[in-house]
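Peer 1: Please find one structure pasted underneath; my questions will follow.
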Amino acid sequence: MTGGELMWRIAGGSGDGIDSTSQNFAKALMRAGLDVFTHRHYPSRIRGGHTYVEVRTRSDEVRSRGDGFNFLLALGDSFARNPNEEAYYGKEELKPLYEHFDDLNEGGIVVYDTGIIDDEAVEEVGLQEKAEENGWHVYPVDLRGIAREYGRDVMRNTAGVGVTAALLGIDTSYFEELMQEVMGGDIAEANIKTLNAAYERAQEFDHTHDLKIPSGDHDSEQALMTGSDAIAYAALDSGCRFISGYPMTPWTDAFTIMSQNLPKFGGISEQVEDEIAAASLAIGASHAGVKAMSGSSGGGFALMSEPLGLAEMTETPVVLLEAMRAGPSTGMPTKPEQADLEHVLYTSQGDSCRVVFAPGNVREAYEQTRQAFEYAYDYHLPAIILYDQKLSGEMRNVPASFFDREPDPDPGAVLSEEEIAEAAHDASGKFKRYAYDGENGVNPRSVPGQEGGRFLATGNESQEVGHISEDPDNRKHQMDRRLEKLRSIREDLDEKESSNQTYHGPAGAKQGILVWGSQQDTVFEAVDRLNARGTEVKALGVSDLMPYPEMEVTAFLESVEECLVVEMNATAQFRGLTQKELGRFGEKLSSLLKYDGEPFEPGEVVEGFEASIEDSQLPGGNMEIRPAAGD
């Protein structure tokens, strides 16, 4: 097995249980002592349509999806809308088999369900010829027949796991334990019988392959988490007790997790009619004194532009999530892209006064969501977590102790009634909520119902107690004070012991890679490979997007001769942001871009980096190199 790791793909149709089966498979491997990482691919359909999940596992840390994969469990699409090969979208029933041929590594294994994919279909897609050409080991099994014998058709995914376990030498007790936990009763019993029957059937095969499951052992309890899990649990730990939203892939995952858990903490979740209402409701809840959040994906977040500006002008703290997907418009709703960066930084009216974090992995998603609440409520502005479908849905194991943190119910910069009595008021008795002399730009607020805390909150520019004002001097005072918050936040972030920017590779390397968001750990694996080959290179993963980490990025760019910026969009948005903030480095920066709906693989970053420094053509694929500004 390449590198002592397994890269297992289960493929079928939406509705065939691909996602739940892969989660249980990953969890079982984690419990067996292995590190795991999942990559999820699904269509914009509820039923039918080719979907797959990839589980990469080995004994040491797994940061990213791998290069291709080495085990395919092809269930076929039992919900195919049109099984005819002349159909507009192709022969959907067979896509879970033939669409993976290009990515299956040499010497890999193919298990397919003969209950859906018959001999004629196999001949039609040329499996045998491909297998001979690539040294694949093919195992046809009637998974549907086994499932029907002990339960129902849908259990053929369980039969496929049983065959996988037999071919790779996996202890089935981990799967049985999970089935008892998740299902229970007669359904669990039927699944366990199906699992073991398939396992026994596969034991009879002539095992022509040499792939085996790696062995490992964890020294502490592990949790299997997605980025959406981490964001939601961080919000709960930060004292968030209100969320409002409207479903939209892929933000819905975090919204659902919050909605399921908030009632346990005395909180409230509201699904409303649209995203304008969602953001406005969260702002209203925050104005009333509760920690609140909302969010959406690209098109829905666009509707939040007006209330986002309201939160900036009224200085109402709120945390918003923006889960990117491929656009413009509806685009590709279930595919990842990093093309909403400029939208999130600058949407709404006038000059932006917000904090934006883009975590690179599950751990950073947890930590930076907690920071988002901290800065939103200490500085009275919106804080946005910018992530994407990749980070939202990928699963990886993290030590459970990582999340052993104290909750933070602190409401931030809010005055008590005693403090309000001592604070500045105007002649009418209104509280000077927007006084000019706020420390670091911040005036502690009152909340409705506090004696002496009455003030006006309006979307218009206002003077100190909130009355509308178009006075030029007042405008400059208020605008300068609001922007002072960003300068103060940047100073605070720079002084923290632990930076949100993540460094990787040898400090003395003269070649660099800049990356942001979910592609970070893929780039870090590529950096390790390049250094192992003798090419010295280092990387910086950037999470602070507003206010921009000028000091740290400057130091990194000064230390290298050339720097490749890796991102998933067509217009090099993060490179553009870096050149806007640090224009003098423009001639050092070139781009490696990918925007086909698939995240980078480590090998692609290696190929792109080598082509960039050698000024050569990319070997193929859907990547693009954009030269440095001075070239």
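The values are calculated or read from the model by the stated rules, or taken from the named source; none is laboratory data. Everything numeric in this text was worked out from a predicted model, so none of it was measured. Glycine also receives a Cβ, built like all others from the backbone with ideal geometry; neighbour counts cover every protein chain displayed.
Peer 1: Do you know which of the residues in segment 525-539 that are over 25 Å from residue 491 (Cα atoms) and either basic (Lys, Arg) or in contact with a Gly (Cβ under 7 Å, 6 or more places away or on another chain) (or both) is surrounded by the fewest Cβ atoms within 10 Å (Cβ to Cβ)?
Peer 2: The residue in question is 533.
Peer 1: Which is in contact with a Ser or Thr (Cβ under 8 Å, 6 or more places away or on another chain) and more than 30 Å from residue 446 (Cα to Cα), of 336, 317?
Peer 2: Of 336, 317, the one residue that is in contact with a Ser or Thr (Cβ under 8 Å, 6 or more places away or on another chain) and more than 30 Å from residue 446 (Cα to Cα) is 336.
Peer 1: Oh, and also: Kindly indicate the residue of segment 41-57 that is touching a Ser or Thr at 6+ places or on another chain (Cβ under 9 Å) and part of a strand (DSSP E or B) and also modelled with the lowest pLDDT among those meeting that condition.
Peer 2: Going through the qualifying residues, I end up with 50.
Peer 1: Condition (residue is surrounded by 17 or more Cβ atoms within 10 Å (Cβ to Cβ) and modelled with pLDDT under 95) applied to segment 187-195: is it met by at least one residue?
Peer 2: No, because not a single residue in segment 187-195 is surrounded by 17 or more Cβ atoms within 10 Å (Cβ to Cβ) and modelled with pLDDT under 95.
Peer 1: Can you confirm whether residue 220 is surrounded by 15 or more Cβ atoms within 10 Å (Cβ to Cβ) and of a type in the set (S, T, N, Q)?
Peer 2: Spelling it out, it is not the case that residue 220 is surrounded by 15 or more Cβ atoms within 10 Å (Cβ to Cβ) and of a type in the set (S, T, N, Q).
Peer 1: Now, a different point. Quick check: is even one residue across segment 471-488 modelled with pLDDT of 95 or more and in a loop (DSSP other than H, G, I, E, B)?
Peer 2: Yes: segment 471-488 contains one or more residues that are modelled with pLDDT of 95 or more and in a loop (DSSP other than H, G, I, E, B).
Peer 1: So which residues in segment 6-40 are outside any loop (DSSP other than H, G, I, E, B), under 22 Å from residue 163 (Cβ atoms) and of a type in the set (A, V, I, L, M, F, W, C), if there are any at all?
Peer 2: 6, 7, 8, 10, 11, 18, 25, 26, 28, 29, 30, 36
Peer 1: Failed condition for residue 413, given (1) buried (at least 24 other Cβ atoms within 10 Å of the Cβ); (2) out of contact with any Leu (no Cβ under 6 Å at 6 or more places or on another chain); (3) aliphatic (A, V, I, L, M), with all others met?
Peer 2: Every condition holds for residue 413 apart from (1).
Peer 1: Of a type outside the set (Ser, Thr, Tyr), touching a Gly at 6+ places or on another chain (Cβ under 9 Å), closer than 21 Å to residue 7 by Cα and buried (at least 19 other Cβ atoms within 10 Å of the Cβ): is that true of residue 104 in this structure?
Peer 2: Taking the combined requirement at face value, the residue satisfies it.
Peer 1: So how many residues does segment 420-456 have that are of a type in the set (Gly, Ala, Ser) and either part of a strand (DSSP E or B) or in contact with a Leu (Cβ under 6 Å, 6 or more places away or on another chain) (or both)?
Peer 2: Result for segment 420-456: 1.
Peer 1: Sticking with this one: Evaluate the following for residue 278: is it among the aliphatic types (A, V, I, L, M), buried (at least 19 other Cβ atoms within 10 Å of the Cβ) and farther than 14 Å from residue 385 by Cβ?
Peer 2: Spelling it out, residue 278 is indeed among the aliphatic types (A, V, I, L, M), buried (at least 19 other Cβ atoms within 10 Å of the Cβ) and farther than 14 Å from residue 385 by Cβ.
Peer 1: Taking residue 136 and the conditions (1) in contact with a helix residue (DSSP H, G or I) (Cβ under 6 Å, 6 or more places away or on another chain); (2) modelled with pLDDT of 95 or more; (3) buried (at least 19 other Cβ atoms within 10 Å of the Cβ); (4) among the hydrophobic types (A, V, I, L, M, F, W, C), which numbered condition does it fall short on, given that it satisfies the others?
Peer 2: (1)
Peer 1: Given the options 321, 308, name the one that is hydrophobic (A, V, I, L, M, F, W, C), under 19 Å from residue 365 (Cα atoms) and either in contact (Cβ under 8 Å) with a residue 40 or more places away in the chain or not in a loop (DSSP other than H, G, I, E, B) (or both).
Peer 2: The match here is 321.
Peer 1: Are there any strands (runs of 3 or more DSSP E) wholly within segment 540-631 with 3 or more residues that are in contact (Cβ under 8 Å) with a residue 24 or more places away in the chain and surrounded by 19 or more Cβ atoms within 10 Å (Cβ to Cβ), and if so which?
Peer 2: 544-546, 562-567, 589-594
Peer 1: Kindly indicate whether residue 60 is surrounded by fewer than 18 Cβ atoms within 10 Å (Cβ to Cβ), modelled with pLDDT under 95 and of a type in the set (Asp, Glu).
Peer 2: Taking the combined requirement at face value, the residue satisfies it.
Peer 1: Sort out which residues of segment 288-307 are surrounded by fewer than 24 Cβ atoms within 10 Å (Cβ to Cβ) and aliphatic (A, V, I, L, M), and write them in order of number.
Peer 2: Result: 288, 290, 302, 303.
Peer 1: Additional query: Which of the residues spanning segment 373-403 are closer than 25 Å to residue 53 by Cα and part of a helix (DSSP H, G or I)?
Peer 2: 389, 390, 391, 392, 393, 400
Peer 1: Among (1) outside any helix (DSSP H, G or I); (2) within 30 Å of residue 599 (Cβ to Cβ); (3) of a type in the set (Gly, Ala, Ser), where does residue 466 come up short?
Peer 2: Among (1) outside any helix (DSSP H, G or I); (2) within 30 Å of residue 599 (Cβ to Cβ); (3) of a type in the set (Gly, Ala, Ser), the lone unmet condition for residue 466 is (2).
Peer 1: Spot the failing condition for residue 336; the list is (1) out of contact with any helix residue (DSSP H, G or I) (no Cβ under 8 Å at 6 or more places or on another chain); (2) over 19 Å from residue 245 (Cβ atoms); (3) surrounded by 24 or more Cβ atoms within 10 Å (Cβ to Cβ), and only one is missed.
Peer 2: Evaluating residue 336 over (1) out of contact with any helix residue (DSSP H, G or I) (no Cβ under 8 Å at 6 or more places or on another chain); (2) over 19 Å from residue 245 (Cβ atoms); (3) surrounded by 24 or more Cβ atoms within 10 Å (Cβ to Cβ) leaves (1) as the failure.
Peer 1: Considering segment 143-181 alone, what residues qualify as being polar (S, T, N, Q) and in a helix (DSSP H, G or I)?
Peer 2: Those that are polar (S, T, N, Q) and in a helix (DSSP H, G or I): 157, 158, 164, 173, 180.
Peer 1: For segment 235-258, enumerate the residues that are touching a strand residue (DSSP E or B) at 6+ places or on another chain (Cβ under 9 Å), farther than 18 Å from residue 333 by Cα and either in contact (Cβ under 8 Å) with a residue 40 or more places away in the chain or not assigned by TED's automatic domain parsing to the domain that holds residue 298 (or both).
Peer 2: Selection gives 235, 238, 240, 241, 242, 243, 244.
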